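Below: the structure, in structure tokens.
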Amino acid sequence: MFSALMLNAWGSASIVAIVAGVVGFFIVLRGSAFAAHALPNGAFAGAAGASLIGVDAIVGLAVFSVLGALTIAGLGRRARHDVATALVIVVMLGLGSLFLSMTTEYAPEIYSLLFGEVLGVSSSELVPIAVIGVVCIAAVFLVYRPLLFSSVMPEVAEARGVGRGRMEVVFLLVVALTTTMAVPVVGALLIFSLLISPAAAARSFTDRPFTAMGLSVVIALGTVWSAIALAYLSNLPIGFFVGSIGAGTYAVGRGWAGWRNRRSRPRMGATGRSPATAQSS
Amino acid sequence: MQGRAATGSDEILAIDGISVTLSGREILSDVTFHINAGEFTGLIGSNGAGKTTLLRVILGLISPSAGMVRVEGGLRRQPLIGYVPQRITLDPDMPLRARDLVGLGIDGQRFGLPLPSSTRRKQVDEMLEAVDATRFAESRVGNLSGGEQQRILIAHALISRPRLLLLDEPLANLDIGSEQEVVDLLARIAREQRIGVLISTHDMNPLLPVMDRIVYIANGRIATGTTAEVVSSESLTRLYGVHVDVIHVHDRILVVAGRREEALQHGDTESIVELM
Ligand SMILES: Nc1ncnc2c1ncn2[C@@H]1O[C@H](COP(=O)(O)OP(=O)(O)O)[C@@H](O)[C@H]1O
Ligand SMILES: [Mg+2]
């Protein structure tokens, strides 16, 4: 389970989990889940196109996800954001099906773009994954405060000189880069799960934004590590474990938040001086 | 009106002949008024009158088609202006405490991660105390009541020490008790910190005891002065272009269109007869 071959799997999956935890925090905060769904799926078409003309898949992923991000941000200023996002994913999936019809790739290659190939990551692939991962995290840390401000109160932030459109472009570019590095490892479908579930679960356990981001990283790491281990032991696909553990942590988080709220509600009452109600739950 | 006769040194905002056209429609035309330090001004107008538009012009988010905005001697630079927008929705699932939101008022526009600092913490604590919000400083903002959120937003706007505070309909959706508390808080801030406060509202009554000056918008134009000067049948009839009566009932003021047909023509959506 920890052989030299498996080390690449552990390493690449860990990098993807850390980046997904950090970026996912803002995806959930900004309500950008749809864009986080559209970019990896659209970028999948880029990878198909890249294999058609014989260049590295990561180049196709980068080109398509960055173009997709810029288009969503650009159209989103005029039209409704979800409509702009939907148009982008529709066009990209259309191109994807065209490219696929023209290639001679085997089905397993395509399958790996959707569900990833954690066990097939080579040492040479690990380098670009790590580099892009560091760039993503550095970018999020650099814009952390204005991005938080703009996500929470876009109008007020704008009045303080934090342009809403500028923040949107920067953020979607970070999501595009995350897509580029993550799709070869965990696939287009699973990166979506890793971007959303840990960040959504983390919100239930803390009231502090930066702590929530850290917790989201911890949960994402826990998810991929246990998914790899369980897949190795059971011979079932990793994707099954990533998806179900993700949903499981979210459910536990909601349960915890519900339990905590029920406990603290009597104390949050006007004066908090009513011991009679404190014994509930 | 001794105060207003004083020199321009106290003046922190001057709106000079502003006109605004949005999508080919003139929303405001030739609006002129000014605000002095420590003064409490009510921006009064029914829904769609152009209050939010005017505030956005002052913030520099909309450029006027004519006229000029001057903030304290020609600068319109942040953070001279604090802003509390209309209808903010803060998601209860969002992991953000009241104190975090206030802290964004200090350095939310700066790059980098927020590093823990005791001076910053003290600054936030003092501001929370000034708006009487210490009690719920650690709570999630999304879980607070409308009145509590309004205090936190005011603290957020004030912590950068602006000279001018703009609030867009801060009293909408508040119960009467918190409405009065927020008005008293703002009046105290204007007086004690010598900040100019400009509040938009479609109901002037809660502001009557504290307003130094009124800016009344209708038909894209304004009337300005003291409440007594502006809220009179004569002045509002000129502004609305239809006969208007101003009725005092107990401590409240009702603005009523004289003839039903004309009020209907004027297209007031809130009520046929009662304009304000
Ligand atoms: N971007 C826009 N384009 C065209 N018309 C607008 C735009 N924004 C506001 N308006 C119109 O301007 C008028 C004033 O709006 P607003 O300033 O929001 O009024 P208030 O805040 O007093 O309710 C309304 O009739 C509104 O429909
Ligand atoms: Mg408005």
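Around the amide H of B:H243, modelled in the peptide plane, lie the amide H atoms of B:G258, B:R259, all under 5 Å away and 5 or more residues distant in sequence or on another chain. Taking A:A86, A:A20, A:A48 as the candidate residues, the one with maximal mean-square fluctuation in a Gaussian network model of chain A, Cα springs under 10 Å, is A:A86.
Counting only protein heavy atoms and using a 1.4 Å probe, the accessible area of A:T71 comes to about 60 Å². Based on every Cα atom in the range A:170-260, Rg and the maximum pairwise Cα distance Dmax equal 13.7, 41 Å. Report the paramagnetic label zone for A:F210: residues of the range B:92-106 whose backbone N is under 16 Å from a point 7 Å from Cα along the Cα-to-Cβ axis. Taking a point 7 Å out along Cα→Cβ of A:F210, the residues of the range B:92-106 whose backbone N falls under 16 Å are B:95-106. A simple spin-label model places the labels of A:S123 and B:T89 5.3 nm from each other, with each point 7 Å out along Cα-to-Cβ. Remark: relative contact order (chain B) = 23 percent; criterion is Cα-Cα distance under 8 angstrom and separation of 6 or more residues.
Count the DSSP beta bridges whose two residues both fall in the protein assembly as shown, then state the antiparallel fraction as a percent rounded to the nearest 5. In the protein assembly as shown, DSSP labels about 60 percent of beta bridges as antiparallel. Within the listed set B:V102, B:V215, B:V256, the residue fluctuating most in the Gaussian network model of chain B (springs between alpha-carbon atoms under 10 angstrom) is B:V256. Reducing the range B:10-46 and the range A:23-48 to their Cα centroids gives an inter-centroid distance of 43 Å. Across all Cα pairs in the protein assembly as shown, the calculated P(r) in 20 Å bins from zero up to the longest distance comes to 19, 42, 29, 9, 0 percent per bin.
Solvent-accessible surface of protein heavy atoms, probed at 1.4 angstrom with all chains present, puts B:H156, B:H250 in the order B:H250, B:H156, largest first. Looking only at B:T201, B:T119, B:T134, which one moves most when chain B is put into a Gaussian network model with springs between Cα atoms under 10 Å? In this elastic network of chain B, the residue with the biggest mean-square fluctuation among B:T201, B:T119, B:T134 is B:T119. Along its principal axes, the range B:11-231 has C-alpha extents of 48, 39, 33 angstrom, given from the largest down.
When a/c reaches 1.5 or more, the comparison of a/b and b/c decides; with that in mind, is the range A:60-131 rounded, prolate or oblate per its Cα gyration tensor? Intermediate values should be presented prior to the final figure.
Numbers: a/c = 2.91, a/b = 1.56, b/c = 1.87.
Oblate is the answer for the range A:60-131, as a/c is 1.5 or above yet b/c matches or exceeds a/b.
For the pair the range A:218-256 and the range B:129-190, the centres of their Cα atoms are 43 angstrom apart.
Out of every Cα pair in the range A:4-261, what percent are spaced more than 22 Å from each other? Here the long-distance tail beyond 22 Å is 53 percent of all Cα pairs in the range A:4-261.
Solvent exposure of chain A amounts to 45 Å² per residue of accessible area, where only protein heavy atoms count and the probe is 1.4 Å.
Treating the angle as unsigned and between 0 and 90°, give the value, to the nearest 10°, between the Cα long axis of helix A:57-78 and the longest Cα principal axis of chain A. Roughly 50 degrees between the two axes.
Between B and A, roughly 2900 Å² of accessible area is buried in total, ligands, DNA and RNA not counted and the probe set to 1.4 Å.
The values are calculated or read from the model by the stated rules, or taken from the named source; none is laboratory data. All values reported here derive from a predicted model rather than from experimental measurement. Because the Cβ atoms are built from the backbone with ideal geometry, glycine has one as well, and the counts that use them run over all protein chains shown. Each accessible area value is taken on the protein alone, full model and side chains, heavy atoms only, with ligands, DNA and RNA left out. Shrake-Rupley method; radii C 1.70, N 1.55, O 1.52, S 1.80 Å.
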